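Participant: So that we are looking at the same thing, I have put the structure below in structure tokens.
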Amino acid sequence: MIIDDVLKDKKSVAIAGHVRPDGDCVGSCLGLFNYIRKEFPEIEVYVYLDPIPKTFGFLKSAGNIRRVNTYEDRSFDLFVSLDCGDLSRLGDAAHYFKKAKHTLCVDHHLSNDSFADMNFVEPEASSTCELIGNMMRKEAIDADIAACLYTGMVTDTGVFQYSCTHRSTMEFAGFLMDTGIDYSYIVDHVFFEKSIESLKIMGIAIDKAKQYLDGKVIASFVTGEDMKQVGAFPRHMEGIVSTLRSVRGTRVAFFLYENLDGSYKGSARAFGDDINLAELAAKYGGGGHAKAAGFTVQGDPESFIEKLVADVAAIYQEKNV
Ligand SMILES: [Mn+2]
């Protein structure tokens, strides 16, 4: 699919991604927004996202991101949903999706149910940024667009480390490097750099971590009280589950933190192929990828962790792991 073919007869376009936008979501949305502005200046284009992490504020047009006005009764010629596995994860932007004349979904979530008119869903792809980037006319990709796309590729692949990284990923990243982006800065700024609050809440999470099933599973959680103690907010939780996963011998890591309403947001990471976390997360109303998934649960986090460990134990018993 070539994006120019989809755009050429459109007068108005809305772009949106999933709630609590991450690097791939922000990068793909802003990458496409900047591309349309450059290549199709006659199109009226808007990008709608929840407030983005400050980290991504350096990307071009980050200041142009809008919030949805659910009272506004307008119908875009095209609505592009990026990096979003289902309609509910679009949040308020679903309002414009439902009213749009045409809808396009570009995504790499395993759980994506192809909810648009046109769907380009590749669960094997490293990132939505790689997918949308490959739909663009190569010659039109300048350093501003490339920085957006590179950001999403870096964050979704853990700096080209996870198994979703393919030869095509490296080749496309190499192409983006040639546009003149400051790739060292991007990697450090969007992946490694942390706030002191992030490190402190990670310290608490690591301290509370417990191992199960002979160390194959590791899990931890932090309460709202823990977060208050170090001034941490949900945006400071990035990277904790991957750090837990890095403990030697770990096959699956779980991390939960308390939301303002008392529910818990959980994330899971797997190493190896013996478990499909997207399926496990779906059991609790969540979703994601085989090796990285998320969910939201009610109740006591410790007993929920026991449940997750029992699920993993059952899968391992069945598979003889
Ligand atoms: Mn993604």
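Participant: Would you check if there is a residue in the range 305-321 being touching a Gly at 6+ places or on another chain (Cβ under 6 Å) and crowded, with 17+ Cβ neighbours inside 10 Å? First the steps, then the outcome.
Facilitator: In the first step, residues of the range 305-321 are kept if they are touching a Gly at 6+ places or on another chain (Cβ under 6 Å); the result is none.
No, every residue in the range 305-321 fails to be touching a Gly at 6+ places or on another chain (Cβ under 6 Å) and crowded, with 17+ Cβ neighbours inside 10 Å.
Participant: Quick check on the range 88-129: of everything there that is among the hydroxyl-bearing types (S, T, Y) and within 26 Å of H166 (Cα to Cα), which residue is farthest from the ligand (Cβ to nearest atom)? I'd like the intermediate steps shown before the answer.
Facilitator: First pass over the range 88-129, keeping only residues among the hydroxyl-bearing types (S, T, Y): 88, 96, 103, 111, 114, 126-128.
In the following step, the residues that additionally are within 26 Å of H166 (Cα to Cα) were identified as 111, 114, 126-128.
On the way: S111: 12, S114: 16, S126: 8, S127: 5, T128: 5 Å.
It comes out as S114.
Participant: Looking at V121, V154, V159, V190, which is the one that is closer than 24 Å to D274 by Cα and either among the basic types (K, R) or out of contact with any Leu (no Cβ under 9 Å at 6 or more places or on another chain) (or both)?
Facilitator: Numbers: V121 fails: either among the basic types (K, R) or out of contact with any Leu (no Cβ under 9 Å at 6 or more places or on another chain) (or both); V154 fails: closer than 24 Å to D274 by Cα; V190 fails: closer than 24 Å to D274 by Cα.
Only one candidate passes the filter, namely V159.
Participant: If T55 satisfies all but one of (1) within 15 Å of the ligand (Cβ to nearest atom); (2) in contact with a His (Cβ under 7 Å, 6 or more places away or on another chain); (3) in a helix (DSSP H, G or I), what's the number of the condition it fails?
Facilitator: Only one criterion in (1) within 15 Å of the ligand (Cβ to nearest atom); (2) in contact with a His (Cβ under 7 Å, 6 or more places away or on another chain); (3) in a helix (DSSP H, G or I) is unmet by T55, namely (1).
Participant: When you look at A62, is it surrounded by fewer than 20 Cβ atoms within 10 Å (Cβ to Cβ), more than 14 Å from the chain's Cα centre (by Cα) and either aliphatic (A, V, I, L, M) or within 16 Å of the ligand (Cβ to nearest atom) (or both), yes or no? Walk me through how you get there before you give the answer.
Facilitator: Working: surrounded by fewer than 20 Cβ atoms within 10 Å (Cβ to Cβ): yes; more than 14 Å from the chain's Cα centre (by Cα): yes; either aliphatic (A, V, I, L, M) or within 16 Å of the ligand (Cβ to nearest atom) (or both): yes.
Answer is yes for this residue.
Participant: Now for a different question. In the range 266-286, what count of residues is obtained for those that are crowded, with 16+ Cβ neighbours inside 10 Å, in contact with a helix residue (DSSP H, G or I) (Cβ under 7 Å, 6 or more places away or on another chain), not in a helix (DSSP H, G or I) and not aromatic (F, W, Y)?
Facilitator: 5
Participant: Of the conditions (1) in a strand (DSSP E or B); (2) more than 17 Å from C129 (Cα to Cα); (3) within 16 Å of the ligand (Cβ to nearest atom), Y46 satisfies every one except a single condition; which number is it?
Facilitator: Just one mismatch for Y46, condition (3).
Participant: Of (1) more than 17 Å from K38 (Cβ to Cβ); (2) within 12 Å of the ligand (Cβ to nearest atom), F191 satisfies all except one. Which?
Facilitator: F191 satisfies all of (1) more than 17 Å from K38 (Cβ to Cβ); (2) within 12 Å of the ligand (Cβ to nearest atom) except (2).
Participant: Related question: Checking the structure you have, find out if any residue of the range 17-38 is free of Cβ contacts under 8 Å to residues at least 60 places away in the same chain, within 23 Å of A125 (Cβ to Cβ) and in a strand (DSSP E or B).
Facilitator: no
Participant: Can we say T157 is within 15 Å of the ligand (Cβ to nearest atom) and hydroxyl-bearing (S, T, Y)? I'd like the intermediate steps shown before the answer.
Facilitator: Details: within 15 Å of the ligand (Cβ to nearest atom): yes; hydroxyl-bearing (S, T, Y): yes.
Taking the combined requirement at face value, the residue satisfies it.
Participant: Failed condition for I36, given (1) within 16 Å of the ligand (Cβ to nearest atom); (2) among the β-branched types (V, I, T); (3) under 19 Å from Y150 (Cα atoms), with all others met?
Facilitator: (1)
Participant: If you don't mind, another one. Please give the number of the condition H166 fails out of (1) within 16 Å of the ligand (Cβ to nearest atom); (2) farther than 22 Å from P21 by Cβ; (3) free of Cβ contacts under 8 Å to residues at least 40 places away in the same chain.
Facilitator: So H166 meets the others, but not (3).
To keep it simple, each residue is scored yes or no on (1) in contact (Cβ under 8 Å) with a residue 40 or more places away in the chain; (2) within 22 Å of the chain's Cα centre (by Cα).
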{"residue": "F172", "(1), (2)": "yes, yes"}
{"residue": "D178", "(1), (2)": "no, no"}
{"residue": "H189", "(1), (2)": "yes, yes"}
{"residue": "E193", "(1), (2)": "yes, yes"}
{"residue": "K200", "(1), (2)": "no, no"}
{"residue": "I206", "(1), (2)": "no, no"}
{"residue": "A209", "(1), (2)": "no, no"}
{"residue": "Y212", "(1), (2)": "yes, no"}
{"residue": "I218", "(1), (2)": "no, no"}
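Participant: Further question on the same structure: Here's a check for you: in the range 77-87, which residue that is assigned to a strand (DSSP E or B) and among the aliphatic types (A, V, I, L, M) is farthest from the ligand (Cβ to nearest atom)? Give the steps one after another, and end with the answer.
Facilitator: Initial filter on the range 77-87 (assigned to a strand (DSSP E or B)): 78-82.
Remaining after also requiring among the aliphatic types (A, V, I, L, M): 78, 80, 82.
Numbers: L78: 21, V80: 15, L82: 9 Å.
Top of the filtered list is L78.
Participant: Still on this structure, please answer the following. Out of the residues in the range 226-241 that are in a loop (DSSP other than H, G, I, E, B) and under 15 Å from the mean Cα position of the chain (by Cα), which is surrounded by the fewest Cβ atoms within 10 Å (Cβ to Cβ)?
Facilitator: Here is the first cut: in the range 226-241, the residues in a loop (DSSP other than H, G, I, E, B) are 231-233, 237-239.
If we keep only those that are under 15 Å from the mean Cα position of the chain (by Cα) as well, we get 237-239.
Working: M237: 20, E238: 19, G239: 16.
If we take residues in the range 226-241 being in a loop (DSSP other than H, G, I, E, B) and under 15 Å from the mean Cα position of the chain (by Cα), then G239 is surrounded by the fewest Cβ atoms within 10 Å (Cβ to Cβ).
Participant: Please work out if I132 is more than 16 Å from the ligand (Cβ to nearest atom), closer than 18 Å to V154 by Cβ and either touching a residue at least 40 places away in the same chain (Cβ under 8 Å) or assigned by TED's automatic domain parsing to the domain that holds D156 (or both).
Facilitator: Values: more than 16 Å from the ligand (Cβ to nearest atom): no; closer than 18 Å to V154 by Cβ: yes; either touching a residue at least 40 places away in the same chain (Cβ under 8 Å) or assigned by TED's automatic domain parsing to the domain that holds D156 (or both): yes.
It is false that I132 is more than 16 Å from the ligand (Cβ to nearest atom), closer than 18 Å to V154 by Cβ and either touching a residue at least 40 places away in the same chain (Cβ under 8 Å) or assigned by TED's automatic domain parsing to the domain that holds D156 (or both).
Participant: Output the number of the condition that R74 fails; it satisfies all remaining conditions of (1) modelled with pLDDT of 95 or more; (2) in a loop (DSSP other than H, G, I, E, B); (3) over 17 Å from the mean Cα position of the chain (by Cα).
Facilitator: Here R74 clears every test but (1).
The values are calculated or read from the model by the stated rules, or taken from the named source; none is laboratory data. Only a predicted model underlies this, so the values are computations on that prediction, with no experimental measurement involved. All Cβ positions, glycine included, derive from the backbone under ideal geometry; neighbour counts span all protein chains shown.
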